[in-house]
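Visitor: Please see the structure below; I have some questions.
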Amino acid sequence: MRCPYCRTRLEEISPECPSCKLTFDRATALLGPMPRLSAGVSDLTRALPKSDVKKINKAIDGLTWTFPQVTLNVLLHVFPTEHPFDLHVFWIFNAGGLSPESHKGGDSRSILLVLDPQQKKSSLMVGYGLEPYLGDEAMAHLLELSEPAWKAGEWTRGILELIAGLDRLLESAALEVANGFGLNAMAVPPRLGDY
């Protein structure tokens, strides 16, 4: 992970950024009240029709059914411009209550997609538990693939494309880890027998 303010590389247990001295408490004091968020899709811009919110939530449900240890949230919001966009994303990821309190550090397998239609910015943040499997390059690639849809104002299409890409990426990571441990990650057909 990198500092959301100055982009210095951080360790999981860093109490503050060694370069700019940013802490979670300082970010909270700087950014003010938290936007109202809900699980799944939070469209505070009203850029998505209600039927599209249902489609996106259905895609999120499909992803979390396949990967029950992962949570995915999508936020569309217009952020103030006096602070870096990445700082806002970091703050919401950590203070927004989007993952259980027990899932901190390496147990955090949350993913947050944030879109600011006004600034034309997007970000994809993953918890420490997923960082080894979903690196910065892969996340940047997923955002790049969705960018043409978002530039055209097709928020739903871009979000659904990104979720499909996350699904493929998580599957690939799961197969790679299983292979590394000599495990079979594919579903095993049920055995027939007497009971």
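Visitor: May I ask you to list the residues in segment 176-195 that are farther than 17 Å from Arg109 by Cβ, open to solvent by less than 100 Å² (accessible area, probe 1.4 Å) and either β-branched (Val, Ile, Thr) or at pLDDT 70 or above (or both)?
Guide: Listed by number, the residues that qualify are Gly180, Gly182.
Visitor: Still on this model: Can you tell me which residue among Ala29, Ala39 is open to solvent by 80 Å² or more (accessible area, probe 1.4 Å), touching a Ser or Thr at 6+ places or on another chain (Cβ under 9 Å) and hydrophobic (A, V, I, L, M, F, W, C)?
Guide: When all the criteria are applied, what remains is Ala39.
Visitor: So, in segment 70-91, how many residues would count as being surrounded by fewer than 15 Cβ atoms within 10 Å (Cβ to Cβ) and touching a residue at least 60 places away in the same chain (Cβ under 8 Å)?
Guide: Here the count works out to 0.
Visitor: Can you tell me which condition Leu115 does not meet? The list is (1) modelled with pLDDT of 95 or more; (2) part of a helix (DSSP H, G or I), and all the others hold.
Guide: Condition (2) is where Leu115 drops out.
Visitor: Leu134 passes all but one of (1) buried (at least 19 other Cβ atoms within 10 Å of the Cβ); (2) assigned to a helix (DSSP H, G or I); (3) touching a strand residue (DSSP E or B) at 6+ places or on another chain (Cβ under 7 Å); which number fails?
Guide: (2)
Visitor: Every residue in segment 146-174 that is without any contact (Cβ under 8 Å) to a residue 40 or more places away in the chain, open to solvent by less than 70 Å² (accessible area, probe 1.4 Å) and farther than 22 Å from Lys120 by Cβ, please.
Guide: Answer for segment 146-174, where residues must be without any contact (Cβ under 8 Å) to a residue 40 or more places away in the chain, open to solvent by less than 70 Å² (accessible area, probe 1.4 Å) and farther than 22 Å from Lys120 by Cβ: Leu169, Ser172.
Visitor: Just need a number here: residues in segment 1-57 that are free of Cβ contacts under 8 Å to residues at least 40 places away in the same chain, hydroxyl-bearing (Ser, Thr, Tyr) and not in a loop (DSSP other than H, G, I, E, B).
Guide: Of the residues in segment 1-57, 2 are free of Cβ contacts under 8 Å to residues at least 40 places away in the same chain, hydroxyl-bearing (Ser, Thr, Tyr) and not in a loop (DSSP other than H, G, I, E, B).
The values are calculated or read from the model by the stated rules, or taken from the named source; none is laboratory data. Note that this is a predicted model, so its numbers are computed, not measured. Backbone-built Cβ (ideal geometry, glycine too); neighbour counts: all protein chains shown. For the accessible areas, the whole protein counts, side chains as well, though only heavy atoms, and no ligand, DNA or RNA atoms are used. Shrake-Rupley method; radii C 1.70, N 1.55, O 1.52, S 1.80 Å.
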